[in-house]
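The values are calculated or read from the model by the stated rules, or taken from the named source; none is laboratory data. Here the structure is a predicted model, which is why all the values come from computation and not from measurement. Here the Cβ positions follow ideal geometry from the backbone for every residue, glycine too, while neighbour counts run over all protein chains shown.
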Amino acid sequence: MIALQKKTLTPASAIDSEPKTGNEYHIPVLLKESIQALAIHSGGIYVDATLGGGGHTRAILASEKDIKLYAFDRDENALKFAKDNFLSSYQNLVLIKDNFANLRTGLALERVKKIDGILFDLGVSFNQISTPGRGFSYLHEGNLDMRMDESEKLTAFDIINDFPFEKLKEIFFEFGEEREAARIAAAIISQRKLNKIKTTSELSEIIERSTRSRFKMKAKARIFQALRIYLNGEIEALKQALKDAVNILNPKGRIVVISYHSIEDRVVKKFFQYEEKSCICPPNFPKCVCNKVSTLKIITKKPIIPSSQEISENRMARSAKMRVAEKRG
Ligand SMILES: C[S@@+](CC[C@H](N)C(=O)[O-])C[C@H]1O[C@@H](n2cnc3c(N)ncnc32)[C@H](O)[C@@H]1O
């Protein structure tokens, strides 16, 4: 049995009824840099696609008086935390419990057609990852759940216990970039013939046993990440939301994306590069026939990363990369 980290946090909203700063729930990453990158102006309409503990939300609201902000999260706990701790302080904040893949419909229901900037701070919050019952981390004992939206049906338990070998291998390889994907998938299949695999520690043990690499912790992190990304449809949601964001941004409106692993970052980088291009004809064509229009200007040629001081104060910042693009006028 692998020793699991004992120190786990009670969900921040459940500790007591005192208003919280938000940092117990999640410490916002690249806070100053992302707010600056949004280029917020008075009278503008903004979207925080990933409310979490509301660190970025509140910083956006503090940056200009006369703005309106719509904050999405698919996790009911994030909305509850905001309602319990700061929603009542802001007349100009609207919370939307939805997947940001539904950005356009979510905003349309609020009669919003155009926006002036949008922030995506991707992945999971500290609250989600450190709440044992939610099963997001191999460091915390809990049932294999991993749903960001707890009203969804499919859980990590279903994937681990019901999916065929080929599908498990594909998920581990595609979303975890795990080289020992086949070996780990095979070990899961043989273990589940004996008993259902129910908890984070049971899965963690199987990974520990089946990998040949010396870097067992990294393999565990990759497999847990892969399951989470697949289960929550994170990549499709991001692709859809980026497309929709470009369509609803006003000229000079900014898209700011903070990502935490190379798969997400690659999606954002490629999307920005494609949208910036004004021609996608093969290079040997004598003249342009594609009619492609450049919709975005890339502001960050290289991604912005947190300072070493920020990383030393907040380990969750260590893999963050921020990319920024601006809608063409
Ligand atoms: C890294 S946290 C955001 C932290 C936040 N910026 C803060 O300062 O506290 C990511 C949040 O986005 C939410 N999230 C992730 N993917 C989502 C999606 N597709 N739709 C809506 N919310 C999503 C998660 O539930 C989580 O609460």
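Data for the structure
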{"read-out": "Qualifying residue in the range 148-159 (condition: out of contact with any Gly (no Cβ under 9 Å at 6 or more places or on another chain), in contact (Cβ under 8 Å) with a residue 24 or more places away in the chain and within 30 Å of Lys32 (Cα to Cα))", "value": "yes"}
{"read-out": "Only one of Ile235, Ile189 that is within 19 Å of Ala101 (Cα to Cα) and of a type in the set (A, V, I, L, M, F, W, C)", "value": "Ile235"}
{"read-out": "Odd one out for Val293, checked against (1) among the hydrophobic types (A, V, I, L, M, F, W, C); (2) without any contact (Cβ under 8 Å) to a residue 12 or more places away in the chain; (3) assigned to a loop (DSSP other than H, G, I, E, B)", "value": "(2)"}
{"read-out": "Residue in the range 77-86 that is assigned to a loop (DSSP other than H, G, I, E, B), of a type outside the set (Val, Ile, Thr) and either farther than 20 Å from Gln128 by Cα or not assigned by TED's automatic domain parsing to the domain that holds Phe120 (or both) present", "value": "no"}
{"read-out": "Count - residues of the range 258-281 that are in contact with a Leu (Cβ under 7 Å, 6 or more places away or on another chain) and in contact (Cβ under 8 Å) with a residue 60 or more places away in the chain", "value": "4"}
{"read-out": "Matching residues, the range 138-151, being away from the ligand (no atom under 14 Å from the Cβ) and either at pLDDT below 95 or in a loop (DSSP other than H, G, I, E, B) (or both)", "value": "Tyr138, Leu139, His140, Glu141, Gly142, Leu144"}
{"read-out": "Every residue from the range 211-251 that is among the aromatic types (Phe, Trp, Tyr) and surrounded by fewer than 23 Cβ atoms within 10 Å (Cβ to Cβ)", "value": "Phe215"}
